[in-house]
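The values are calculated or read from the model by the stated rules, or taken from the named source; none is laboratory data. Just so you know, these numbers come straight off a predicted model, no measurement behind them. Using ideal geometry, Cβ is built from the backbone for each residue, glycine included, and neighbour counts are taken over all protein chains shown. With ligands, DNA and RNA removed, areas are computed over all heavy atoms of the protein, side chains included. Shrake-Rupley method; radii C 1.70, N 1.55, O 1.52, S 1.80 Å.
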Amino acid sequence: MKIIKVGLIGFGTIGEGVAEYLRERSAYLRRKSGVKFELSKIAERDIKKVPSKYKEILTSNAEDLIRDKSIDVVIELIGGIKDARKYILGAFKNKKHVITANKALLAEDGEHLLAKAKESGVAFKFEASVCGGIPIVDSISNSLVANDIHSVLGIINGTSNYILTVMEEQDASMREALKIAQAKGYTESNPILDLKGIDSSHKLAVIVRLAFGFNPDFSKIYREGITSISNLDVKYAKELGYRIKLLVIAKRSSKSLLEVRVHPALLPLDHMLSSVKGVYNALYIKGNLIGEMLFYGKGAGSKPTTSAVISDLVSLSVILEGKGFPSYNYIDTEIERLKDINNIDFRYYIRFMALDNPGVLAKISGVLSNYGISIANVTQKDRAKASSVPIVMMTHKANEKNMRKALSKIERLDVIIKRPVSIRVER
């Protein structure tokens with residue numbers, strides 16, 4: 001029976017889950033795959049955090065693992081950019097296949113790493129980098145290879161989705177919902193990557209390369225988080241027949257232009273993504289052959305991510321038997337650039353906090369009209385505070401650039417108490 005020796009860099013939550021599986025479930029994995037996977041070495045700087053049962057294979061220096069000629073596959077689970085890149089490139093140089101869950105590194109340097117892996121004649125696998133245990137990478141690259149992907153729409157950050165769910169179901173503020181998420185261990189102590197859409201943007205960059213054959217400049221992906229959303233917005237959106245979700249969106253605008261963006265959006269309550277609640281992820285894909293398809297499951301955590309890492313490991317056994325490499329090299333030469341969000345038209349939900357004075361609505365609608373923005377409906381809600389009243393509008397389609405100019409001007413009106421909240425509508 002073939003033996004594949006594995007080296008693991010990083011013993012955090014995910015690293016521990018992978019190590020535990022390779023130790024405790026090795027016989028089960030051997031029966032299913034026909035290959036024996038042997039955890040040969042673990043590299044972890046903080047060796048005190050690693051249980052004593054791994055003492056014989058533990059090192060504090062990842063270079064020891066990379067230079068070990070007996071190791072066939074390196075699993076990188078430290079995260080970050082600089083050190084992870086160094087270790088992965090070192091593994092390539094030493095002719096070792098690499099598995100990673102590092103979406104940030106892939107988003108910022110994926111094209112270079114894939115080229116280096118090919119140059120070194122080794123495989124580079126990253127199923128766990130997007131949506132945890134949901135097999136998105138393999139599905140897009142292999143199972144859906146015959147399809148011309150038209151669009152991708154998804155919820156791929158469980159923390160933000162959980163927070164929005166709590167805000168809706170418990171009428172909680174953003175701060176209260178965040179505390180609940182932290183208490184349950186669904187977020188880091190510093191949740192900025194989740195709340196500002198950065199984590200989602202990293203994952204979307206990986207998806208765009210696979211689905212559309214285009215390497216987006218990460219800094220040019222439009223990104224907007226959920227920090228400005230109030231439980232009032234969640235409540236009012238639902239009254240209008242919508243639910244607010246932090247979405248990743250990628251779709252062809254034309255042969256040469258691609259829309260790639262991350263932002264909160266109102267989805268109709270009957271949309272299949274509207275029912276995705278809590279820490280769950282979902283990715284909606286539309287292709288020319290398969291039509292509409294939905295992938296759904298837990299996107300984060302030790303167990304789902306371990307599932308994805310082990311999936312990559314088993315697929316590498318085929319490569320090590322000389323049966324070929326996975327191809328992530330699809331490039332669409334027709335796509336030239338990302339479409340500027342300022343040149344896209346949307347319908348909008350807008351909430352103004354205004355003084356309860358005569359003529360306020362006329363002032364607001366006058367500014368919108370000057371920028372070519374037509375109001376579909378407007379509702380004045382009960383007073384939020386003694387001094388202000390919420391005014392909620394839904395617009396017809398309007399240009400993003402014009403909307404930004406209009407809102408900036410409205411914000412400066414003496415009757416407006418707070419910065420207006422605007423959320424795009426996605427169908």
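What to note about this one:
- Loop-located trypsin sites (Lys or Arg not before Pro) in the stretch 246-276 whose Cβ has at most 15 other Cβ within 10 Å (DSSP): 255
- Computing Kirkwood radius over Cα pairs in Å for the structure here picks out one of [x] 22.7; [y] 21.9; [z] 23.3, namely [z].
- Here the Karplus curve 6.51 cos²θ - 1.76 cosθ + 1.60, taken at θ = phi - 60°, turns the phi angles of the stretch 102-118 into couplings of 8, 5, 5, 5, 5, 5, 8, 9, x, 4, 5, 5, 5, 5, 5, 4, 5 Hz, with x standing for Gly and Pro.
- Extension gain for the segment residue 318 to residue 219, taken as residue separation times 0.36 nm less the Cα-Cα distance, is 32.0 nm to one decimal.
- As a rough guide to protection, the peptides 216-228, 124-136, 304-316, 233-245 ranked by mean Cβ packing within 10 Å, highest first, stand as 124-136, 304-316, 233-245, 216-228.
- Label-point separation, residue 412 to residue 81 (7 Å along Cα→Cβ), nm: 3.5 nm
- Nearest-10 value in Å² for the accessible area of residue 1, using the 1.4 Å probe: 150 Å²
- Cut-off under 5 Å, modelled amide H: who pairs with residue 75 long-range: 7, 8, 9, 99
- Ligands, DNA and RNA are left out, and with a 1.4 angstrom probe the accessible area of the chain is 45 Å² per residue.
- Highest average packing first - 371-379, 3-11, Cβ atoms within 10 Å: 3-11, 371-379
- Using C-alpha pairs under 8 Å with a sequence gap of at least 6, the mean separation divided by the residue count of the chain gives a relative contact order of 15 percent.
- Residue pairs, from the table 251/418; 203/303; 41/86; 93/286; 245/286, whose Cα atoms sit over 27 Å apart: 251/418; 93/286
- Applying the Karplus relation 6.51 cos²θ - 1.76 cosθ + 1.60 with θ = phi - 60° to the stretch 10-26 yields 3J(HN,Hα) values of x, 10, x, 4, 6, x, 5, x, 5, 4, 4, 5, 5, 7, 8, 10, 4 Hz, where x marks Gly and Pro.
- For q = 0.18, 0.21, 0.30, 0.34 Å⁻¹, Debye-computed log10 I/I(0) when each Cα of the stretch 75-114 counts as one equal scatterer: -0.40, -0.55, -1.15, -1.40
- On the basis of the beta-carbon distance and an R0 of 41 Å, residue 52 and residue 142 show a calculated FRET efficiency of 0.50.
- Kirkwood Rh (inverse of mean 1/r, distinct Cα pairs), the stretch 82-175, angstrom: 15.8 Å
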